[in-house]
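Structure, as structure tokens:
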Amino acid sequence: MTAFDRPAQAGIPIELTVNGRMRRIAVAPHHTLLEVLRDDLRLTGTKECCLVGECGACTVLLDGRSVDSCLVLAVEAQGGTVVTVEGLAGLARPPDVARPRDGAGPRDEGRDGTVDVGAEPSLGRLQRAFLATGAAQCGFCIPGQLMSAEALLRRTPHPTRAQVEEGLAGNLCRCAGYEQIIEAVLLAASDEPLPAQSALTGHPAGSAAGPDPAAVPDASVAPQ
Amino acid sequence: MNGLIGSPVERVGGPERVTGAQAYVADLAIAGALQVKLVTVDAARARIIRIDPTAALAVPGVRCVFTDADLPHPMPRFGPQFRDRPVLATGQTTYHGDPVAAVAAETADAAAAGAALVHVEYETLPAVTSIAAALAPDAPLVQDPAIRPGDPLSGSNVLREHQYAWGDLEKAEAEAEVVVEGAYTFPMVTQFAIEPHAFVAAPNGDGIAMWSSIQHPYWLQRVIASLLELPLAKVRVHAPDPGGAFGGKQHAKYEPLLAFMARRLGRPVRLVLSLEETFQAVRRGASEVHVRTGFRRDGTLVFRDIEANYLIGAYADIADRTVAKGAYTSAGPYRTPAVRIVGRSVLSNTVPSTAFRGFGNPQQIWAVESNMNEAAELLGIDPLELRLRNLPERGETFIPGDTPADGRWADAVRRAAEMIDWQQPRPAGRGRGLAVGLKSGPTTGLSYSTVRLLADGSIVIYAGTSDMGQGARTIFAQIAALELGAPLEWVTVVMGDTAAVPYDQQTSASRSSVLMGNAVLNACRQVQARIREMAARLEAVDEAAVTVDRGTVTIGERRLPIRDVLVRGLGRLGGEVIGLGESRKEAEPDHPLGGTAAFYEFNCTAVEVEVDRATGDLRVVRHVTVSDVGRALNPGQVRGQDEGAAIMGLGHTLMEHYILDEVGRIRNLGAIDYRIPTSMDLPTSIESDVIENGDGPGPYGAKGMSEGALLPISPAVAAAVRDATGTIIRDLPLSPERVWRALHADGSAAPIRDEVLAR
């Protein structure tokens, strides 16, 4: 009989600080940090692919180091501090670049009905750099790439290209946006100002005012 | 071109992708869903004697062990080309990984525990897992002739044989002064999307709701409706953006099984494949291609005679179409007076092969372009010059009855040569190689799009395309923003829900910028026409006095933004202006492929490599890739697609292949034993460029372009290895082992059988 022969039951109580918030949960002894993040805490930004520590899609920071969360038992993370992609924007390390207006890009309201359009107040410099270089294609590996890059920049704030290649060697990208991902990390590590979002979307800042709700005809006219 | 089209605007959907907010199928919370785990047997082919669910059902939380006995009889079958694939194996399994049962349980743990305890009694049967074995006269039949009624080939493992020919081959053979001949093999490789396939089915009133990482939600709707005997309107398919697809998510896999389970259990059921299970769900067809080409001494192509056998799997999926399409253009993008092509799809007891970026063409191009490079050497003509001598001009027919050459292809070849300093002496110890690739785009297509211009001038686009990383969402937003005069930030693109978006045939063949792009453009034109009517009414002028062009309304000397006319025109009740756009590529029943090419993808790739003679290791030092894209609507995304395709192609060129044992089981399932390129495997430098002449059928002259840069990599690299070492290798991948063996076999390629790993 293996551990899997038992259904997961409320198991061992652990404490974790996840994205700055203390979480107390009971976890099955055989459950990984990945399972707890995704299934128990519903932090689904961390992705699941190979489950053997080869693809890097599940990379998170545990006490400041990047780990494959599929290879860490949740109980091993007891007392630890975890940062997932959802917490990346809030990190103090990179100077944040404010997004214009409310930051609302075009949203995907029809995909599944459950997408959180969550008004992200700002993105971290690394995230902005990923957008600026077009590093995210399908996007599935990107949370892991970002967390590995974050760990790399903490260790090595100004890496060479070779150091970036090595630092991201454990994160597979099948769209193979490696060039743009590497460029993004180097850009984030540089002193270069990141272009404002409006410039990146093809609109010189200020050339286009936002939709004017006052201009919208009053629809409250009594129906006939 | 302007601020929107032709600019590398940021990806629409980008912020979600860098914050973790993008929800893929496995990320969705489906209330009350049972978790499903598949049960397989450890054999390539087996007769199922008995399935005993007792122990599995005793696991707390296990609700059901679903087998063929729970399905209608006869077993319902499905497939995009032939209805050959059973919803669940019945009586026997036909490839390693063919599920025989599925366990549904309250938790993933319980489902896994239950699946491990389902006792399957089976007898291993002899399996055919290579082309030679499948074509042997006494080979066991992979498919029961009963599921191929009326098929004259049903007594063999050949599913279809496709023949194409033009010109007088006999006469051409007599005219040829040099004939170059060779056989080339291409291994089984897998799509390896980082998002493993995920599926959910849920009872939904008097119908069913599906969630799938599928590329073609409307195909899936049809399959499920047909199997469950439901009206299309009662099947709602949600298709969130796939986390990489590459063709492997085009067609239904386990969705039918889940749909039957959900109906039986009255509850939602959810299946997320492991990466290993994706290897057993999708792959590319392996091939052996024999090429014989005749030339005049001056390098003029005289004839091509090609025989291609593709090892497809146990079920056809869309694989036979990849064979038909790959074989059809296999003579290459050249003026070839006489051609004979035979392409066979050969069934085997292996994972069903399916669409994979390039769709049957990389296998052919590996062979034919390698043959072209060998010919250049024999003829004493520079490989660059040999191509230029035989490429057609734009507008010239090169496949009789099909779309003429639709680009200045020679420009792409010259540009690639220039980028890699082809004419300069190469550094010591390095070799250079060059090859071209051609792929026929979609042969038929139908896309609708609805575009709503809302009362404040913002826009909602509805499109049935799947944005799987190629950036379709961004392209559609760019088009509508430009045409209707709104900033990109005001555009929302809704996709992936058959209850919301109008019909789209499919997301494949690099079609979406062209076919759906035109549908979006046409919808915008309808909106513009309504704005024109409004302006004429408001200004009390004749409509003829009003023009609407790219967001601006012109009335005589006055120029107004569309939004000004819109707000006044809608009046006190508000409302919106709705356009419905359609884009069709009609079928042509007499055409061998059922339709001519909507466009061609053309790419030239050139590489410079270093070969380590001691280890057989290759290093691609320089990699240049040039695609004819018509118009790069978003150069940033075009670069992402070109370089991404290039790196993916380096995977099958240098390292990827399934390894089977002597009884046909896959021995390298998963990420540890099957390597794909990492950030450490990149060319030292990679550069991409595009040829833009606005000569495509898509919006603003665009062509589809997402596959081209993968097509010619293998022959370019092999030519560079030949150039560096003098060794010709005709089998992929060019792994260190293979290269080392070739280098140490006095220049002749040592045959390595990937299919059989000696114990």
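The values are calculated or read from the model by the stated rules, or taken from the named source; none is laboratory data. All values derive from a computational prediction rather than experimental measurement. A quick note on method: Cβ atoms are made from the backbone with ideal geometry, for glycine too, and the neighbour counts reach across all protein chains shown. For accessibility, only protein heavy atoms count, side chains too; no ligands or nucleic acids. Shrake-Rupley method; radii C 1.70, N 1.55, O 1.52, S 1.80 Å.
What do you reckon, is B:Thr403 modelled with pLDDT of 95 or more, part of a loop (DSSP other than H, G, I, E, B) and within 27 Å of B:Gly285 (Cβ to Cβ)?
Spelling it out, B:Thr403 is indeed modelled with pLDDT of 95 or more, part of a loop (DSSP other than H, G, I, E, B) and within 27 Å of B:Gly285 (Cβ to Cβ).
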Could you please tell me which pairs satisfy a Cβ distance under 6 Å, a separation of 6+ or placement on different chains, a first residue in the range A:154-177 that is facing chain B (nearest Cβ under 7 Å), and a second residue that is of a type in the set (S, T, N, Q) and surrounded by 13 or more Cβ atoms within 10 Å (Cβ to Cβ)?
A:Glu165/B:Ser679; A:Leu168/A:Ser148; A:Leu168/B:Ser679; A:Ala169/B:Thr678; A:Ala169/B:Ser679; A:Cys175/A:Gln137; A:Gly177/A:Gln137
Would you check which residues across the range B:319-344 are in contact with a Ser or Thr (Cβ under 6 Å, 6 or more places away or on another chain), of a type in the set (A, V, I, L, M, F, W, C) and surrounded by 24 or more Cβ atoms within 10 Å (Cβ to Cβ) and list them?
B:Ala319, B:Val323
Under 6 Å between Cβ atoms, at least 6 apart or on separate chains: pull out the pairs that start in the range B:679-697 with a residue that is within 14 Å of chain A (Cβ to nearest Cβ) and end on any residue that is of a type in the set (Asp, Glu).
B:Ser679/A:Glu165; B:Met680/A:Glu165; B:Ile686/B:Glu643; B:Ser688/B:Asp642; B:Ser688/B:Glu643
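Residue-by-condition table, conditions (1) over 25 Å from B:Gly61 (Cβ atoms); (2) modelled with pLDDT under 95; (3) not in a loop (DSSP other than H, G, I, E, B):
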{"position": "A:Thr17", "(1), (2), (3)": "yes, no, yes"}
{"position": "A:Glu35", "(1), (2), (3)": "no, no, yes"}
{"position": "A:Cys50", "(1), (2), (3)": "yes, no, no"}
{"position": "A:Gly56", "(1), (2), (3)": "yes, no, no"}
{"position": "A:Val67", "(1), (2), (3)": "yes, no, yes"}
{"position": "A:Cys70", "(1), (2), (3)": "no, no, no"}
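Listed here are the residues, each with its yes/no results for (1) open to solvent by less than 10 Å² (accessible area, probe 1.4 Å); (2) within 9 Å of chain A (Cβ to nearest Cβ); (3) farther than 30 Å from B:Asp564 by Cα.
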site	(1), (2), (3)
B:Gln423	no, no, yes
B:Gly437	yes, no, yes
B:Val494	yes, yes, no
B:Asp504	yes, no, yes
B:Thr507	yes, no, yes
B:Val514	yes, no, yes
B:Ala519	yes, no, no
B:Ala523	yes, no, no
Of all residues in the range B:230-254 being aliphatic (A, V, I, L, M) and within 11 Å of chain A (Cβ to nearest Cβ), the one that is nearest to B:Gly496 (Cα to Cα):
B:Ala239
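Filter the range A:22-47 down to the residues that are among the aliphatic types (A, V, I, L, M) and open to solvent by 10 Å² or more (accessible area, probe 1.4 Å), then identify the one that is nearest to A:Pro143 (Cα to Cα).
Initial filter on the range A:22-47 (among the aliphatic types (A, V, I, L, M)): A:22, A:25-28, A:33-34, A:36-37, A:41, A:43.
When the remaining residues are screened for being open to solvent by 10 Å² or more (accessible area, probe 1.4 Å), the result is A:22, A:25-26, A:41, A:43.
Numbers: A:Met22: 22, A:Ile25: 24, A:Ala26: 26, A:Leu41: 17, A:Leu43: 12 Å.
So the residue we want is A:Leu43.
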Selection from the range A:48-72 of residues that are open to solvent by 30 Å² or more (accessible area, probe 1.4 Å) and within 13 Å of chain B (Cβ to nearest Cβ)
A:Glu48, A:Leu51, A:Val52, A:Glu54, A:Asp68, A:Leu71
I'm trying to understand the selection: among the residues of the range A:21-66, which are without any contact (Cβ under 8 Å) to a residue 12 or more places away in the chain and polar (S, T, N, Q)?
A:Thr44
Which condition number in (1) within 13 Å of another protein chain (Cβ to nearest Cβ); (2) touching a helix residue (DSSP H, G or I) at 6+ places or on another chain (Cβ under 8 Å) is the one that B:Leu711 fails?
(1)
Considering only the range A:127-149, state which residues are facing another protein chain (nearest Cβ under 7 Å) and not in a helix (DSSP H, G or I).
A:Gly134, A:Ala136, A:Gln137, A:Cys138, A:Gly139, A:Phe140, A:Cys141
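Could you please let me know if B:Leu650 is in a loop (DSSP other than H, G, I, E, B) and among the hydrophobic types (A, V, I, L, M, F, W, C)? Walk me through how you get there before you give the answer.
Details: in a loop (DSSP other than H, G, I, E, B): no; among the hydrophobic types (A, V, I, L, M, F, W, C): yes.
So B:Leu650 does not fit the description; no.
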